[in-house]
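> Have a look at this one before I ask anything.
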Amino acid sequence: MTKLNEHSPAPGAKNNRMRDARGPGSGKGKTAGRGVKGQKARSGVAIAGFEGGQMPLHMRMPKRGFNNPFAKELAEVHLRRLEQAIAAGKLDATKPIDGKVLVAAGVVRREKDGVRLLGKGELTTKIDITVYSTSTAAKAAVEKAGGKVTTTAPVVVVADAAE
């Protein structure tokens, strides 16, 4: 059995820290790896993006677009994907389908703020699906197959221009 005073770290597990500015023999003497002179050779430098008083590039560029902080992030599902899941036996077309069922079947990874049904592909199976929103083509395809689409998104009523 080894004694406590005979224990040591594995070879190569410990390295001594680099001691800057301790003479030319240290490998980090004189300027200590900072180059020579100027603001960046000193401590407390904060000049990222500073261009000597000239208007910085990121401020000269025009602003474009808008990021809506209140936008809903929706999980998108195409009709083709639903048909594949039903054919594979992952989805039961006889029972109502909603976001939780789609996640459990592995059709979508997560619900996010809701599920949006899109119309790529064909749907031949009759399904009863509840989603946050749907495209016109997808809704028409589901109804053509004899199914029903229920949307949970609040309906936005556009005010009539004649009023």
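A short reminder: the numbers here are calculations on the coordinates, not readings from a lab. Because the structure is predicted, anything quoted here is derived from the model rather than measured. Because the Cβ atoms are built from the backbone with ideal geometry, glycine has one as well, and the counts that use them run over all protein chains shown.
> Within region 56-94, count every residue that is touching a helix residue (DSSP H, G or I) at 6+ places or on another chain (Cβ under 6 Å) and not charged (D, E, K, R).
Restricting attention to region 56-94, the residues satisfying the condition of being touching a helix residue (DSSP H, G or I) at 6+ places or on another chain (Cβ under 6 Å) are 79, 85, 90-91, 93.
Imposing the further condition that a residue be not charged (D, E, K, R) reduces the set to 79, 85, 91, 93.
Residues in region 56-94 being touching a helix residue (DSSP H, G or I) at 6+ places or on another chain (Cβ under 6 Å) and not charged (D, E, K, R): 4 in total.
> Please verify whether region 87-96 includes one or more residues that are under 18 Å from residue 150 (Cα atoms) and in contact with a Phe, Trp or Tyr (Cβ under 8 Å, 6 or more places away or on another chain). Write out each step before concluding.
Let us first name the residues in region 87-96 that are under 18 Å from residue 150 (Cα atoms), namely 91-96.
Remaining after also requiring in contact with a Phe, Trp or Tyr (Cβ under 8 Å, 6 or more places away or on another chain): none.
No, the conditions are met nowhere in region 87-96.
> Right, another one. Working only within region 78-128, note down all residues that are closer than 13 Å to residue 142 by Cα and among the β-branched types (Val, Ile, Thr).
Result: 97, 124, 125, 127.
> To continue, here is another question. Name the residue that is surrounded by the fewest Cβ atoms within 10 Å (Cβ to Cβ), counting only residues in region 25-56 that are of a type outside the set (A, V, I, L, M, F, W, C) and not in a loop (DSSP other than H, G, I, E, B).
Within region 25-56, the match that is surrounded by the fewest Cβ atoms within 10 Å (Cβ to Cβ) is 25.
> Can you tell me which residue within region 127-148, out of those that are out of contact with any helix residue (DSSP H, G or I) (no Cβ under 8 Å at 6 or more places or on another chain) and assigned to a helix (DSSP H, G or I), is farthest from residue 86 (Cα to Cα)?
Ranking the candidates gives 136 first.
The rows are residues; the columns are (1) over 29 Å from the mean Cα position of the chain (by Cα); (2) charged (D, E, K, R).
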site	(1), (2)
65	no, no
76	no, yes
91	no, no
95	yes, yes
101	no, no
109	no, yes
151	no, no
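> Assigned to a loop (DSSP other than H, G, I, E, B) and not hydrophobic (A, V, I, L, M, F, W, C): does that describe residue 22? Give the steps one after another, and end with the answer.
Numbers: assigned to a loop (DSSP other than H, G, I, E, B): yes; not hydrophobic (A, V, I, L, M, F, W, C): yes.
Spelling it out, residue 22 is indeed assigned to a loop (DSSP other than H, G, I, E, B) and not hydrophobic (A, V, I, L, M, F, W, C).
> Hey, among the residues in region 96-129 that are of a type in the set (D, E, K, R) and surrounded by 15 or more Cβ atoms within 10 Å (Cβ to Cβ), which one's farthest from residue 154 (Cα to Cα)?
First pass over region 96-129, keeping only residues of a type in the set (D, E, K, R): 98, 100, 109-113, 116, 120, 122, 126, 128.
From what's left, surrounded by 15 or more Cβ atoms within 10 Å (Cβ to Cβ): 98, 111-112, 116, 128.
On the way: 98: 17, 111: 17, 112: 17, 116: 13, 128: 19 Å.
Checked region 96-129; the qualifying residue farthest from residue 154 (Cα to Cα) is 128.
Every residue, every condition in (1) of a type outside the set (S, T, N, Q); (2) surrounded by 18 or more Cβ atoms within 10 Å (Cβ to Cβ); (3) within 30 Å of residue 47 (Cα to Cα), yes or no:
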| residue | (1), (2), (3) |
| --- | --- |
| 58 | yes, no, yes |
| 72 | yes, no, no |
| 76 | yes, no, no |
| 91 | yes, yes, no |
| 131 | yes, yes, no |
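> Filter region 14-28 down to the residues that are within 20 Å of residue 42 (Cβ to Cβ) and under 41 Å from the mean Cα position of the chain (by Cα) and list them by number.
Hit for region 14-28 is 18, nothing else.
> List pairs: first residue in region 53-79 and without any contact (Cβ under 8 Å) to a residue 12 or more places away in the chain, second residue assigned to a loop (DSSP other than H, G, I, E, B) and of a type outside the set (S, T, N, Q) anywhere in the structure, Cβ distance under 6 angstrom, at least six positions apart or on different chains.
Close Cβ pairs satisfying both conditions: 56/49.
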